[in-house]
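S.K.: The following block contains the structure, expressed as structure tokens.
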Amino acid sequence: MFDLVERADMLMEDSRLYSAILAEESGSKDPAAMAFSMIHNKSMITKEILQFYYRLWSGGVRNYDIDEEDLSAEIAERSVYLGKMLFVDVLSTIEHSAKKISKQDGVTDAQISLRSIMDKSLIDGRMTSDRHREWNDIITMRNLAVHDNSISDRSKKCIIGSLTISMRPNRMMKGPLNTFVELARISNQYYYEWLRSLRASRDADTP
């Protein structure tokens with residue numbers, strides 16, 4: 001469980017740094033800077049709750065009438081739930097920010113989505129096919145977490161960053177305990193990467 005705390009801390013520090021960089025470049029009201037500030041706050045809350053549970057269980061503050069195996073399952077269930085909520089929040093924040101930024105570039109489609117934004121980035125040559133595949137998988141993971149309790153409707157093996165996640169029809173996605181927290185951290189990094197690519201493209205188009 002301590003690994004989850006560390007990864008939440010990494011997400012918190014990354015988002016704080018990204019927010020500061022973008023705010024310095026474009027001001028604190030920049031949609032991207034504000035998004036990373038929100039992600040920083042969400043990851044801080046998650047880290048604090050995970051630390052609370054870690055101290056509770058490792059310090060023996062709470063008395064249990066269950067055996068060690070059941071206790072481990074209880075810890076895992078709470079950890080997965082917190083990670084899933086963090087991941088969903090992070091993706092929602094990223095999508096809201098990306099839509100605002102895309103509209104600034106003149107995109108007016110009322111049905112614009114994070115997936116269509118990443119599709120356009122691939123078409124425009126600002127994203128590799130491998131990164132596009134990862135974004136598609138990340139978005140699919142978010143949709144399954146929100147709408148289907150992470151139960152898949154297909155067979156697939158997803159490799160996102162250092163994560164490997166197995167999907168089988170009518171079964172919950174299978175990955176390590178840190179899956180959702182790590183997905184949140186990777187998504188945060190990939191969004192910053194996308195923003196840098198977009199800004200570089202804008203600069204190149206400026207006479």
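The values are calculated or read from the model by the stated rules, or taken from the named source; none is laboratory data. All values derive from a computational prediction rather than experimental measurement. Here the Cβ positions follow ideal geometry from the backbone for every residue, glycine too, while neighbour counts run over all protein chains shown.
S.K.: Of all residues in segment 156-207, which are in contact with a strand residue (DSSP E or B) (Cβ under 7 Å, 6 or more places away or on another chain), exposed (fewer than 12 other Cβ atoms within 10 Å of the Cβ) and at pLDDT 90 or above?
M.R.: Residue satisfying the conditions is Lys157 alone.
S.K.: Also, I was wondering about something else. Of all residues in segment 119-172, which are touching a residue at least 40 places away in the same chain (Cβ under 8 Å) and small (Gly, Ala, Ser)?
M.R.: Residues of segment 119-172 that are touching a residue at least 40 places away in the same chain (Cβ under 8 Å), as a first pass: 121, 124, 126-127, 131, 134-135, 138-139, 141-142, 145-146, 150.
Of everything in segment 119-172, those that are touching a residue at least 40 places away in the same chain (Cβ under 8 Å) and small (Gly, Ala, Ser) turn out to be Ser121, Ala145, Ser150.
S.K.: Being modelled with pLDDT of 90 or more, of a type outside the set (S, T, N, Q) and either farther than 30 Å from Glu48 by Cβ or surrounded by fewer than 20 Cβ atoms within 10 Å (Cβ to Cβ) (or both): is that true of Met141 here?
M.R.: Values: modelled with pLDDT of 90 or more: yes; of a type outside the set (S, T, N, Q): yes; either farther than 30 Å from Glu48 by Cβ or surrounded by fewer than 20 Cβ atoms within 10 Å (Cβ to Cβ) (or both): no.
Answer is no for this residue.
S.K.: Within 23 Å of Ile186 (Cβ to Cβ) and at pLDDT below 90, is that true of Ala8?
M.R.: Numbers: within 23 Å of Ile186 (Cβ to Cβ): yes; at pLDDT below 90: no.
Answer is no for this residue.
S.K.: I'd like the full set of residues that are out of contact with any Pro (no Cβ under 7 Å at 6 or more places or on another chain) and acidic (Asp, Glu), limited to segment 137-182.
M.R.: First, pick out the residues of segment 137-182 that are out of contact with any Pro (no Cβ under 7 Å at 6 or more places or on another chain): 137-151, 156-182.
Residues satisfying the conditions are Asp137, Asp148, Glu182.
S.K.: Additional query: Looking only at segment 82-91, decide whether some residue is at pLDDT below 95 and not in a helix (DSSP H, G or I).
M.R.: For segment 82-91, residues at pLDDT below 95 and not in a helix (DSSP H, G or I): absent.
S.K.: Do we find a residue being assigned to a helix (DSSP H, G or I), surrounded by 14 or more Cβ atoms within 10 Å (Cβ to Cβ), modelled with pLDDT of 95 or more and among the aromatic types (Phe, Trp, Tyr) anywhere in segment 55-69?
M.R.: no
Residue-wise test of (1) at pLDDT 95 or above; (2) within 23 Å of Ala200 (Cβ to Cβ); (3) of a type outside the set (A, V, I, L, M); (4) touching a strand residue (DSSP E or B) at 6+ places or on another chain (Cβ under 9 Å).
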{"position": "Ser15", "(1), (2), (3), (4)": "yes, yes, yes, no"}
{"position": "Asp30", "(1), (2), (3), (4)": "no, yes, yes, no"}
{"position": "Ala35", "(1), (2), (3), (4)": "yes, yes, no, no"}
{"position": "Ile49", "(1), (2), (3), (4)": "no, no, no, no"}
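S.K.: Out of all the residues in segment 18-40, which are surrounded by fewer than 17 Cβ atoms within 10 Å (Cβ to Cβ), not in a helix (DSSP H, G or I) and not hydroxyl-bearing (Ser, Thr, Tyr)? Can you show your working first?
M.R.: Within segment 18-40, the first condition is being surrounded by fewer than 17 Cβ atoms within 10 Å (Cβ to Cβ), and the residues that meet it are 20-21, 24-29.
In the following step, the residues that additionally are not in a helix (DSSP H, G or I) were identified as 27-29.
Within segment 18-40, Gly27, Lys29 meet the criteria.
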